[in-house]
Amino acid sequence: MKRLVRALTIAALLIPGMWIASSGNAARLKSSPLFEEVLQAHGGRGAIGSVSSFHAKAVRLTSTRPPEYIERKLTVSAFGPWFKRHIVDPLGLIEQFELFDGQVGYYSVVEKGTAVDQPRLMDSERLRAVKFSIDAYGLVPILQTCSGPAVEAVFLERTPRSLDKFAVRTEAGEWFVYVDRSHRIVRVDIGDKILQFADYRSVNGLQLPFIQRMSLGSQLIYQLTFSTIELNPSFPTGYFSREAFGQNLK
């Protein structure tokens with residue numbers, strides 16, 4: 001009896017330690033092992049998790065009446081929840097600046113180098129739309145969400161086009177992620193929005209696409225062609241503050 005009590009006591013002391021030791025793998029155990037191969041194909045959890053900020057430039061072609069498009073140059077800087085976006089037409093005649101300082105969103109329009117008015121506050125609807133655009137600007141924010149500790153990825157099927165389809169359950173809702181035979185993400189469905197990715201290149205240990213399309217159903221909304229993607233750039237103190245709102249991003 002004494003030996004039994006002693007054994008139970010030792011087990012009670014060891015089990016919490018075993019739980020703590022294994023809890024770091026809990027996120028991986030929630031998801032399909034196949035999805036770990038997807039994250040690994042893009043650089044792995046460690047490399048994805050090491051990205052705290054990015055700075056990227058792209059040309060956006062927005063569809064109006066195909067084959068007509070509106071061309072804009074976009075530059076986005078992001079660090080955690082903070083972001084700054086600069087949108088300009090090809091001739092540089094009209095520019096738009098948007099900023100989120102972690103609490104409040106601002107925007108301003110500049111025509112021919114002169115501000116039309118003082119920076120305005122974004123209302124909740126506009127801020128929500130801009131935040132989504134930032135969260136869907138390139139694959140980095142999507143990879144960060146997909147590799148989160150509370151995310152669960154379930155393999156659903158292999159499609160007729162030989163793409164593996166996963167249901168990825170995030171805090172923002174359920175996404176559907178499609179990957180090719182190289183385990184690279186080629187499509188992500190977020191609600192009624194379809195994001196497609198191509199032209200993968202190596203950027204500081206991550207595999208990232210330099211072409212992205214966003215559609216609603218069969219209708220193409222825009223295409224992004226990236227020229228620059230920088231990971232973990234350093235930003236000056238106050239870079240995302242309202243005081244630095246007008247800082248040039250070009």
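The figures follow:
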{"quantity": "Residue, nearest to the chain's Cα centre (by Cα), within segment 157-175, restricted to residues that are at pLDDT 95 or above and of a type in the set (A, V, I, L, M)", "calculated": "Val168"}
{"quantity": "Residues of segment 179-189 satisfying the condition of being free of Cβ contacts under 8 Å to residues at least 60 places away in the same chain and under 13 Å from Leu143 (Cα atoms)", "calculated": "Val186, Arg187, Val188"}
{"quantity": "Close pairs from segment 130-142: first of a type in the set (Phe, Trp, Tyr), partner surrounded by 19 or more Cβ atoms within 10 Å (Cβ to Cβ), Cβ under 6 Å, at least 6 apart", "calculated": "Tyr137/Val76"}
{"quantity": "Filtered residue count, segment 181-201, keeping only those that are surrounded by fewer than 17 Cβ atoms within 10 Å (Cβ to Cβ) and under 13 Å from Glu37 (Cα atoms)", "calculated": "2"}
{"quantity": "All positions within segment 185-231 that are aliphatic (A, V, I, L, M) and in contact with an Asp or Glu (Cβ under 7 Å, 6 or more places away or on another chain)", "calculated": "Val186, Ile211, Leu216"}
{"quantity": "Qualifying positions in segment 169-183 - over 25 Å from Lys131 (Cβ atoms) and touching a strand residue (DSSP E or B) at 6+ places or on another chain (Cβ under 6 Å)", "calculated": "Val179, Asp180"}
{"quantity": "Segment 92-149 - residue that is among the polar types (S, T, N, Q) and assigned to a helix (DSSP H, G or I) and, of those, nearest to Ser53 (Cα to Cα)", "calculated": "Gln144"}
{"quantity": "Given (1) more than 12 Å from the chain's Cα centre (by Cα); (2) modelled with pLDDT of 95 or more; (3) of a type outside the set (Asp, Glu), index of the condition Ile142 fails", "calculated": "(1)"}
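The values are calculated or read from the model by the stated rules, or taken from the named source; none is laboratory data. Small disclaimer: the values here were computed from a predicted structure and weren't measured. Cβ coordinates were reconstructed from backbone atoms using ideal geometry, including for glycine residues, and neighbour counts include every protein chain displayed.
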